[in-house]
Structures are given as C-alpha cells and as structure tokens.
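**Student:** Just dropping this structure here.
The values are calculated or read from the model by the stated rules, or taken from the named source; none is laboratory data. Everything quoted here is computed from the prediction, not taken from an experiment. Here the Cβ is made from the backbone with ideal geometry for all residues, glycine too, and neighbour counts use every protein chain on show. Surface areas here come from the heavy atoms of the whole protein model, side chains and all, with no ligands, DNA or RNA. Shrake-Rupley method; radii C 1.70, N 1.55, O 1.52, S 1.80 Å.
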Amino acid sequence: MPGLVGTNMPQLLPGAVFFGILAVVAVIVLRARAAKPRLSVFRLALIGVAAAYVIPPSLAFLMGQWAAVSWLPGPPTVTGDQVFIAALVSVFALALQQPGKPPSVPLWAGILIGVAVAAFLPPLLDLATGRYQNASLRADVTHCTRGMTGQVQPREVSNLCDFDIVVGLCMPGEVNPTPCAQAFTIPPGESAVFDPGDARLSSVPGNPNGLTVVACRPPDRPSRWGNVTGRGYRGVCLPPG
C-alpha cells in the first residue's frame, strides 16, 4: 500500500510474545476476581500487543540501571523458564476462588507464591535429577565470538565484545552437568587456542556425537546438553557452581 513501503515496525525483543500472552491472561484473571465485565477480544489484543512491545525493553532498562549502581549487588539472574513458572503458578493461584465468594488468595500472596516456586523448584529438580534443567540454564553470548561458529573444527576463538567471556569446547562424552574441559576466559579483543583433536562439530544426522562450542558470561560455565530430538548436542551455559 502507498505510504507503508519502507515503514519500520519496532523490533520485538526475545520473550515479547510470552509477555503479551501473560498480560492478557493476567487482565482476564484480575477482572474476574474483581467481578468486572469481560473486555472485548479487540481490547485484549491491544493490551497483549502493547505489553509485548513495552515490558521486555522496560525490564532490560531496569536491569541495566540496577547494574550501573555500584553499591547494589548484581542484578538477579532470572531465566525465561523461571518467569514462565512464576507467571503460571501465580495465575493459577489467583484464579482459585469459589463462585460468589471473595478471592481465596490475595494478589500479593499469589505473586509471592509464583516467585517462591520459580526460585526453589529449579534447584530442587537439579538436585533430584543430577543435572541442570532448562530453567537453570543461562543465556549464552556466542554472538561475541569470531572463529567459533561456522567452523567444523574451531581452533582459535576471539572475543568481539567489550566484556570478558568464557568460551568452552566440549568434546564427546562431556555433557551437563560437567563443564567443558577446554574452557578459557577471553578478555575483550583477545583470542584463545583450542585443540579439537580429530573431533568434528556435532551435526545431525552426519555427526551427532561430535564436539560442541558455546560462549558464556562469567561466572557461568560452558557445557552442553542433548537436543530434544535425542540426536546431536547444543551448547549451554550452566550457573556458577
């Protein structure tokens, strides 16, 4: 259409769709608790779209401001899976009420229950299974590297970012919860040399049990985990241990 060519829509950040859906569900639950009329589908859609565009950058800004204050401890590391668990449990707790009676769980209690479950459930699962679950894994910074991705046998990896990174090369047999034996902290602009031996990069279906590479922010530790298909591996970042 004329006038729309070249128009740039704001880019959605990771997790935007989830926050949009969460906002819609939260509005529905809270209005039901307050015995207010339901909103139209159009209004709920507008709320979801607005939340998807506003909440992720707002959280990123707040975390950045937190990290910039020297006398505060480092901002908490929260994974997307933990946010999902907290939201799901909170919404479920807040939705528990008998028709015609006041809500069984206060708003603050529902939120507190969700946060508590998200904080304590992942480490309990880690302890029970002997390995780290998805909710315990940290985001990688593989985009900070040169010479790691796209290589069949990565040997020299450079750090392109302005902060230290830990790059790990996991050989066959090294899996979560074992960190990569070859893991080096690389300062900005520096490089590290790895020895892949005869191992080649894990790929499906040709070489599912090959080596895996991943970069993490210190103090997170590089490791790897099997793909959901049961073939091949992906690099992951374990929490400090």
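**Student:** Going through the range 201-233 one residue at a time, which ones are modelled with pLDDT of 90 or more, in contact with a Gly (Cβ under 8 Å, 6 or more places away or on another chain) and over 14 Å from GLN133 (Cα atoms)?
**Tutor:** The answer is THR212, VAL213, VAL214, ALA215, CYS216, ARG221, PRO222.
**Student:** Only one of ILE28, ILE55 is free of Cβ contacts under 8 Å to residues at least 60 places away in the same chain and within 23 Å of SER104 (Cα to Cα); which?
**Tutor:** ILE28
**Student:** Could you count how many residues in the range 219-240 are open to solvent by 60 Å² or more (accessible area, probe 1.4 Å) and in a loop (DSSP other than H, G, I, E, B)?
**Tutor:** 6
**Student:** While we're on this one: Suppose we keep only residues that are surrounded by fewer than 14 Cβ atoms within 10 Å (Cβ to Cβ) and part of a helix (DSSP H, G or I) within the range 108-136. Which one would you say is modelled with the lowest pLDDT?
**Tutor:** Checked the range 108-136; the qualifying residue modelled with the lowest pLDDT is TRP108.
**Student:** Okay, moving on. Regarding GLY173, is this residue without any contact (Cβ under 8 Å) to a residue 24 or more places away in the chain and either part of a strand (DSSP E or B) or open to solvent by 40 Å² or more (accessible area, probe 1.4 Å) (or both)?
**Tutor:** Against the criterion (without any contact (Cβ under 8 Å) to a residue 24 or more places away in the chain and either part of a strand (DSSP E or B) or open to solvent by 40 Å² or more (accessible area, probe 1.4 Å) (or both)), GLY173 qualifies.
**Student:** Okay, next question. Going through the range 176-215 one residue at a time, which ones are assigned to a strand (DSSP E or B), surrounded by fewer than 16 Cβ atoms within 10 Å (Cβ to Cβ) and polar (S, T, N, Q)?
**Tutor:** THR185, SER191, SER203, ASN207
**Student:** Which ones in the range 72-101 are of a type in the set (A, V, I, L, M), at pLDDT below 85, under 23 Å from PHE61 (Cβ atoms) and outside any loop (DSSP other than H, G, I, E, B)?
**Tutor:** Within the range 72-101, VAL83 is the sole residue that qualifies.
**Student:** Step by step: first the residues of the range 143-165, then only those that are open to solvent by 30 Å² or more (accessible area, probe 1.4 Å) and β-branched (Val, Ile, Thr), then the one that is nearest to SER191 (Cα to Cα). Which residue is that?
**Tutor:** THR149
**Student:** Moving to a separate point now. Taking the stated definitions as given, is VAL27 open to solvent by less than 60 Å² (accessible area, probe 1.4 Å), more than 21 Å from the chain's Cα centre (by Cα) and either of a type in the set (Val, Ile, Thr) or at pLDDT below 85 (or both)?
**Tutor:** yes
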